[in-house]
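Below is the structure I would like to discuss, written out as C-alpha cells.
The values are calculated or read from the model by the stated rules, or taken from the named source; none is laboratory data. Source: prediction; values computed, not measured. Cβ coordinates were reconstructed from backbone atoms using ideal geometry, including for glycine residues, and neighbour counts include every protein chain displayed. SASA here: full protein model, heavy atoms, side chains in, ligands and nucleic acids out. Shrake-Rupley method; radii C 1.70, N 1.55, O 1.52, S 1.80 Å.
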Amino acid sequence: MRKLALNDEILLSVEKPARYIGGEVNSVMKRRDEVAIRFAMCFPDVYEIGMSHLGIQILYDMFNRREDVWCERVYSPWVDLDRIMREQKIPLFALESQDPIRAFDFLGITLQYEMCYANVLQILDLSGIPLLAAEREEDCPLVIGGGPCAYNPEPLAAFFDLFYIGEGETVYDSLFDLYKACRSEGLSRREFLRRAARIPGIYVPSLYEVTYHEDGTIASFAPTEEGIPAVVEKQVEMNLTDAPYPEAPVVPFLKVTQDRVVLEIQRGCIRGCRFCQAGMIYRPTRERSLACLKEHARRMLENTGHEEISLSSLSSSDYSELPGIVNFLIDEFRGQNINISLPSLRIDAFSLDVMSKVQDVRKSSLTFAPEAGSQRLRDVINKGLTEEIILQGADEAFHGGWNKVKLYFMLGLPLETEEDRREIAHLADKIARKYYELPKDHRNGKCQITVSTSFFVPKPFTPFQWASMFRPGDYLGYAKTVNHEIKAMLNQKSIRYNWHPADVTLLEGVFARGDRRVSAAILEAYRQGALYDAWTEHWNFDRWLRAFEKTGVDMDFYTLRERGLDEQFPWDFIRVGVTKQFLKKEWQRAHEETVTPNCRVQCSGCGAAAYRGGVCVEGSRKVPQAG
Amino acid sequence: MKVRVKFRKQGNLKFIGHLDVMRYFQKAIRRAGIDIAYTEGLSPHMIMSFASPLGVGLTSDAEYMDIELRTPVSSVEAVAALNRVGAEGIEVTGFYQIPEGKAGKAMTLVAAADYTLRFREGRAPDCRWQEAVPSFYAQEQILVWKKTKKSEQEVDIRPLIYGMRCLPESPDTIFLQLASGSAANLKPELVMDTFLGTLGIKPPPFAYEINRCELYADTGTEGSRHLVPLSGLGTEIL
C-alpha cells in the first residue's frame, strides 16, 4: 500500500479526502530510482477542476511514455487543507508518489486563467520553493509555466524559471534531454537555463531586461546576454493525427467537472472573432483525422469505463468531418448506453437532427453566442452570426420541440454604444416571439430564454489588444441598461438575465495585459491572503486594491488607457504566427465595421501560413499529387 | 440474471465515499466488459444497489452490491475481470447468482454486521480496558442518550449488541456483532464510546480504526436469530 503524505486524522477532517490520495485507475506509478527526471504537473486550482483539463492529460501521458521521466500530478489544496498544511508545516506533495514537490526536478504549472495567479504562489509556498525565481537555490525544482496565459507571461515573470510558449507536444523532449546532459556534466542551474533559452519556444525571463519610458510604457525589451534569442517562437504541433493522445486517461474517484472521455477533434478556429485570443494564438486550424479519432474514442472508452464522451474544439461545426465523427459515435456507442455530448455546435438542421438523437429535447437547452446585441457590433467584433441565422435556428429548434434557449453576450466591447446594449434585449424578445408564433398545440408551455452577459477583457495577440477597458461603475451601468430593456419587452416573463460582477473583470484585465511590474502586486495580495480568486466565495477585491495601492502599481494604467498603435507591448517578443501588422489591420477594420471572412472562405494573410500546414494548405491538399 | 458482488474496501480507499464507490463500480463494470442490465426510460442507468453504505474512514472485508446481468458470466471470470481493471484497495472476492425478485435485495436483507475495532496508534486508553469487556457485555441493559430530530431520549442498546469480545489472537482488537440495516442499526463507535464511558474514559477524536468484517441476513423465524452472510444466499456461477 502507498504510504500517504497526510495522516488519517487530517484526511478525515478535510472535505473530500479523495482529492489528496492519488491511486486512481490509470494513474502512473514508477520506481523513484529508475527514472532520471521527476516532473510534477500542476493545475493551480482544486482537484475536480484540475483533473478536468485535457492539456495536462496529454502531457502526463506523453511524459510518462519516456522511461526516464516520471510525471506526477499536483493540485491546489482546498482552503481547509491549506490551513492545516501551513499550521503543521506539511510540505506539498505529488499525488502518485506522495513525495514532496521540493524533491522534484521540474514543477510545471499550467496557466489557464488569470484568476489562478494567487494559487500559483500558494503551490510554490506550500512546496517550500522560494516565490521569487531569483532566490532559488541549485537543488530547487525548475518552475516552468505554460498554457494560454503564458502568451503574456510578464506579470508572472518573477515567479518562474522558464515558460513554455505554445503546444507541449513539440520541444519537451529536447528540454528533458538537455536537462539530463547538463546534470551529468554538473552544470549549474543558471547554465541550464541559458541553454534552455535557445530551445525554440522556451522563454527564460531572467535572461531578459525591460526598460520603460517616462510615461510607463515599454522602451526596450532585450536579452541580457549574447546568444539568447530576442524573439521566442510559439510551438505548434502540425501533425495532430500522429501526435500522442492519452489512450488511458486517469479515472478519478471523485466526480470531477469533466467526468467523461474528451475527444479533441481539432485545434484552432477559422473564424477570427476579434475579441478571441484562442482564435488567434492557436492558428493555424488543424484537424485530427477521422480514422484516428474513431480509434481514440474506442480505446479511451474501453480503458476508462466512462459513460460519456464529448467532442472538444473551439468550433466543432467547422470540423470538416463532423457528420462522420458524430454518426460514428451515435452508431457505435448509443447501444452501449454511452452519452454523447456535442458542445460548441452551430445551430442548424444538421446539429438539431443529431442533438435530438443524443439528448432529451425537452430537458436540454440550445445555446447561441451572438456575443453582441446588434448587427453593427457583431460586425465590429467579426462574429459572423446574423440575426437571420439566429432566428432561423431558434425557429427550427422550437419546431423540433426545444423550448429552452441560452444566449451569451459580452458587454464593454470596444466601440459599443447604449443602443447595442439595448439590442440584446430586443434579440431575446424576437426569439421569444418566434416561439409564440408556433401553434399552441405545438408548444411545450412557456419558453425559457436565459441571457447571460460577461464583461469583455482585452487580450494579447487579438485585434482588441489596443482597446481600453472601463470603470466598475460603467460596467454595472451597462448591465443595468440590458436589465432595464429586458423588463420593457413584451415577452419579459420568458426572459431571464444574469450578469457577472465587474471587479473580477478589472483584475483579469490588469493581468492579461500587464508587465513585469504587476508581479509586486500579485505577491503582496498573496501575502495578504489572496487565494482561489476564481471562486466567488473566496474573492476579495478590496484585498487586491490594497495590494496595488501598497506596491504603487496603478491598475488604471493597464485597464483604462487606450494604447497607441506604435506602443511596444510586454508580449511583443513572442512570435505567434499571426502578425502585429495583421492585428492592427483588423483593429482598423473593426472601426470600419467591416467583416473579415473566415480562413476557408478566403485567406486574409494573418501570418499563420508560416507554419505551412492546417487550414492554410487545405486548398492545395486537394491538388492531385504527382507520382 | 441477478448477481451479488462481494468486495473488500481496504487501505487508502477508506477515504472514498459511498457515492464514489458506486461510480467506481459503474466504470469498472464497463472496463471489465461485464454486460450489465440498465433501467428502461429516457435516461437509463445501471441496475445496481448496495447493501449498506460504509462511512468514510472505515475499511471493510465484506461490502455487497447487487446487479443484474444481460449476459451471464462465470463467477471466476467476473472476479478476475473486475480485479484486473480495478484500483488498489478494492478487491472483488465473490460473484454469486441470487434468486430473482425484490425480496432478495441485499439492501432490505441486511440485519447484522461484524466489526473489528482497534485503537489508532497512540490513542489507546492508558489502562487494562480489555478486562472490563466481559462485564460490560454481560449487562442486561445498556442505556444511552440518543438524539433525535426533536428531542433526546434514553434507549437501551443492549438488545442490538449480538456479540462483543476481545480477539484471543489479538487482544487489543475488539470484535463486535451489531444490529444493522433499516429495522435497527447500531454503530460500533457508539458501543465503544459507551463502554469506555463506564470506565470514566472519554476517547480522543479519531480514536478507532474500524473494519467491517461481514454483513448478514437473518433467516431465523419466530424471533430466533439465524444470521447468514449475504454471500451465503447466492450460488457460484459456473
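For the protein assembly as shown, what does -39500 (n - 2.57) per DSSP helix run (n ≥ 4), summed and divided by total residues, give at 222 nm, in deg cm²/dmol to the nearest 500?
When only DSSP H runs of four or more count, the value is -8500 deg cm²/dmol.
Describe numerically, in nm with one decimal, the distance between label points set 7 Å from Cα along Cα→Cβ at A:Phe350 and at B:Glu154.
In this crude label model, A:Phe350 to B:Glu154 measures out at 7.8 nm.
So what is the relative contact order of chain A, in percent, for Cα pairs below 8 Å that sit 6 or more residues apart?
Once normalised by length, the contact order is 14 percent.
Run the quick spin-label model on A:Glu593 and A:Ala291: label points 7 Å from Cα toward the beta carbon, then report their separation in nm to one decimal.
Calculated label separation equals 5.0 nm.
Taking the Cβ-Cβ separation of A:Lys3 and A:Thr579 as r and a Förster radius of 56 Å, what is the calculated FRET efficiency to the nearest 0.05?
Rounded to the nearest 0.05, the efficiency is 0.55.
Just to be sure I understand the interface: list residues from the range B:1-18 that lose 20 Å² or more of accessible area between the chain on its own and the complete protein assembly, 1.4 Å probe.
Flagged in the range B:1-18: B:Gly11, B:Asn12, B:Leu13, B:Phe15, B:Ile16.
Provide the percentage of antiparallel DSSP beta bridges, counting only those with both residues in the protein assembly as shown; round to the nearest 5.
55
Could you give the spread of the C-alpha atoms of the range A:442-509 along their three principal axes, from largest to smallest, in whole angstroms?
Principal extents (largest minus smallest coordinate, Cα): 48, 25, 17 Å.
Tell me the label-point distance for the pair A:Val617, A:Leu187, using the 7 Å Cα-to-Cβ offset, in nm and rounded to one decimal.
With each label placed 7 Å out from Cα toward Cβ, I get 3.2 nm.
While we're here: Show log10 I(q)/I(0) for the protein assembly as shown at q = 0.05, 0.08 Å⁻¹, two decimals, from a solvent-free Debye sum over equal Cα scatterers.
-0.34, -0.86
Something else: Where in the range B:159-192 does the label zone of B:Ala124 land, with the point 7 angstrom along Cα→C-beta and an amide N cut-off under 11 Å?
In the range B:159-192, the label zone of B:Ala124 (backbone N under 11 Å from the point 7 Å along Cα→Cβ) covers B:170-174.
Mind checking Rg over Rh on chain B, alpha carbons, Kirkwood formula for Rh?
1.01
Straight-line reach from B:Lys150: which aspartates and glutamates have a Cα under 18 Å away, not including same-chain ones fewer than 8 places off?
Straight-distance partners of B:Lys150: none at all.
Rounded, prolate or oblate for the range B:110-229? Axes are the square roots of the Cα gyration tensor eigenvalues, ordered a ≥ b ≥ c, and the cut-off for rounded is a/c under 1.5.
Judged from the Cα gyration tensor, the range B:110-229 comes out oblate (a/c at least 1.5, b/c at or above a/b).
Take peptide A:12-21, look around each residue's Cβ out to 10 angstrom, count Cβ atoms belonging to other protein chains, and average those counts.
4
Given an 8 Å cut-off on Cα distances and at least 6 residues of separation, report the relative contact order of the range B:60-197 as a percent.
Averaging sequence separation for qualifying contacts and normalising by length gives 23 percent for the range B:60-197.
Once you have the Cα-Cα distance between B:Glu189 and B:Leu167, take 0.36 nm times their residue separation minus that, and quote the gain in nm to one decimal.
Computed gain between B:Glu189 and B:Leu167 is 6.2 nm.
Moving to a separate point now. Where only protein heavy atoms count, and the probe is 1.4 Å, what is the accessible area per residue for the range A:504-627 in Å²?
Result: 50 Å² per residue.
Check the straight Cα-Cα distances from B:Lys14 and name the lysines below 18 Å, setting aside those fewer than 8 residues away within the same chain.
Qualifying lysines at Cα under 18 Å: A:Lys3, A:Lys16, A:Lys255, B:Lys6, B:Lys187.
What residues in the range A:289-320 lose 40 Å² or more of accessible surface when the other protein chains are added to their chain alone (1.4 Å probe)?
A:Gly305, A:Glu307
What are the semi-axes of the equivalent ellipsoid for the range A:56-112, taken as the square roots of 5 times the Cα gyration tensor eigenvalues, largest first, in whole Å?
Semi-axes from the Cα gyration tensor: 24, 13, 8 Å.
Let me ask something additional. Which FRET efficiency value, to the nearest 0.05, do you get for A:Asn327 and A:Glu138 by plugging their Cβ-Cβ distance into 1/(1 + (r/R0)^6) with R0 = 51 Å?
0.35
Accessible area lost on pairing B with A, both sides, 1.4 Å probe, Å² to nearest 100?
That pair of chains buries around 2500 Å² in total.
A further question on this structure: Could you work out what % of the accessible surface of the range A:8-233 is carbon and sulfur, using a 1.4 angstrom probe and leaving DNA, RNA and ligands out of the count?
Carbon and sulfur atoms account for 50 percent of the accessible area of the range A:8-233.
How long are the three semi-axes of the equivalent ellipsoid of the range B:15-152, in whole Å, if each is the root of 5 times an eigenvalue of the C-alpha gyration tensor, listed from largest down?
Equivalent ellipsoid of the range B:15-152: 37, 20, 16 Å, largest first.
May I ask for the percentage of alpha-carbon pairs in the range A:8-233 that lie more than 33 Å from each other?
Here the long-distance tail beyond 33 Å is 16 percent of all Cα pairs in the range A:8-233.
Please work out the average accessible area per residue across the range B:110-229, using the 1.4 Å probe convention, and give it in Å².
Roughly 57 Å² per residue, with all protein chains present.
How much accessible area per residue does the range A:8-233 have, in Å², with a 1.4 Å probe?
Accessible surface, normalised per residue, equals 34 Å².
What is the percent carbon and sulfur in the accessible area of the range A:521-627, measuring with a 1.4 Å probe over the protein chains and ignoring ligands?
Roughly 49 percent of what the probe reaches on the range A:521-627 is carbon or sulfur.
Quick one: pull the percent of accessible area on chain B belonging to carbon and sulfur, 1.4 Å probe, ligands and nucleic acids left out.
C and S fraction of accessible area: 52 percent.
When we measure straight from the Cα of A:Lys480, which aspartates and glutamates land under 12 angstrom away, once same-chain ones fewer than 8 places off are left out?
Answer for A:Lys480, where 12 Å is the Cα cut-off: A:Glu418, listed by chain and number.
Another question about this same structure. Could you please put A:Asp474, A:Asp68, A:Asp429 in sequence from largest to smallest accessible area, using a 1.4 Å probe?
Descending accessible area places them as A:Asp474, A:Asp68, A:Asp429.
Which is the longest run of chain A containing none of the GluC sites (Glu not before Pro) found in DSSP loop states (not H, G, I, E, B) with at most 12 other C-beta atoms within 10 Å?
The answer is A:227-561.
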